[in-house]
Amino acid sequence: MQLKFETITHWDETWWERLGPIYREAFPHGAKPEKVLRSMLNKGIASMHAGTLDGEAAAMAVTGFSGPAENRRLILDYMAIRRDLRGKGLGAGFFKQIRDWAASESQAQAIIIEAEADDTEENRSRLKFWERCGFIATSYVHQYIWVPEPYRALYLPLSAGFAVTDDGQSLFRDITSFHQKSFRGH
């Protein structure tokens, strides 16, 4: 079962009506408000990705870029599968579509994500999922001043020239810069 993949580069209310419920269900706390997501897309610093199954919204993601053009990195800010469709392999398939888009359409050198670092069963399960998708976890644990949970960065090289030469702190500079651009003006 493969999702039909679409990328939305400007805010589209019709798409949001379909994808918003998946986003709110998966991220009930700590997610960026709709007005921030709208601004991110309208400013051109993010894209929204949709996965549909038989015409119905099944998955969504929000991505953005960091770094100079010659070392462009895709930040995977959010990714979610509709609750009733989880556990069927759609998440790995949807991520593969995002990865392929990042490598071909955007010429990204790597994909970066952040995952909650607290040692809980749910967080260990998420980490295993991302590692099965090819991500490499870094050892550095970052503590934001505005959220209580610590986070760990993971990366997936898309080009042979991409390397992380520290414990992951450099990845958080990219992630933090992206978050700051996202909230600028709000």
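The values are calculated or read from the model by the stated rules, or taken from the named source; none is laboratory data. This one's a predicted model, so the numbers in the text were calculated from it and none came from an experiment. Cβ coordinates were reconstructed from backbone atoms using ideal geometry, including for glycine residues, and neighbour counts include every protein chain displayed. In case anyone asks, the SASA skips ligands and DNA or RNA and just uses the protein heavy atoms, side chains included. Shrake-Rupley method; radii C 1.70, N 1.55, O 1.52, S 1.80 Å.
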Q. For segment 55-106, with the dipole built from +1 on Lys and Arg beta-carbon atoms and -1 on Asp and Glu ones, taken about the Cα centre, which of Ala61, Gly91, Leu76 lies farthest toward the positive end?
A. Gly91
Q. Which lysines have a Cα less than 29 Å from the Cα of Lys181, not counting those fewer than 8 places away in the same chain?
A. Lys32, Lys35, Lys43, Lys96
Q) Is it possible to state the helix-based mean residue ellipticity at 222 nm for the chain, with each DSSP H run of 4+ residues giving -39500 (n - 2.57), the sum divided by total residues, to the nearest 500 deg cm²/dmol? What is it? A) -11000 deg cm²/dmol
Q. Cα centroids of segment 27-104 and segment 112-132: how far apart, whole angstrom?
A. 17 Å
**Q.** Per residue value of the accessible surface for the chain (all protein chains in place, 1.4 Å probe), Å²
**A.** 52 Å²
Q.
So the label point goes 7 Å from the Cα of Lys4 along Cα→C-beta, right? Which residues of segment 55-91 then have their backbone N under 14 Å from it?
A. 55-59
Q | Long-range Cα-Cα pairs in segment 100-186 (distance over 18 Å), rounded percent | A | 49 percent
Q.
Quick check: convex hull over the Cα atoms of segment 31-75, volume per residue in Å³, rounded to an integer?
A. 99 Å³
(Q) For a Förster distance of 22 Å, can you work out the FRET efficiency between the beta-carbons of Glu56 and Glu25, rounded to the nearest 0.05? (A) 0.95
**Q.** Potential extension, Glu34-Asp166 segment - 0.36 nm per residue separation minus Cα distance
**A.** 44.1 nm
Q: Express in nm, to one decimal, how much length is gained between Asn71 and Gln107 on full extension, taking 0.36 nm for each residue of separation and deducting their alpha carbon distance.
A: 12.0 nm
**Q.** Computed E for Arg86/Glu121 - FRET, C-beta separation, R0 22 angstrom, nearest 0.05
**A.** 0.90
Q: Report, as a whole number in µm² per second, the diffusion coefficient that Stokes-Einstein gives for segment 1-127 at 37 °C and 0.692 mPa s using the Kirkwood radius over alpha carbon pairs.
A: 217 µm²/s
Q.
As I understand it, the dipole of the chain uses +1 on the Cβ of Lys and Arg and -1 on the Cβ of Asp and Glu, about the Cα centre. Which of Phe129, Tyr151, Thr9 lies farthest toward its positive end?
A. Thr9
Q. About its Cα centre, what dipole magnitude does the chain give when the only charges are +1 on Lys and Arg Cβ and -1 on Asp and Glu Cβ, stated in debye to the nearest 20?
A. 200 debye
Q. Given a 1.4 Å probe and every protein chain left where it sits, what share in percent of the accessible area of the chain is carbon and sulfur?
A. 49 percent
Q | Contour excess over end-to-end distance, with Cα ends at Asp12 and Gln180 and 0.36 nm allotted per residue | A | 58.2 nm
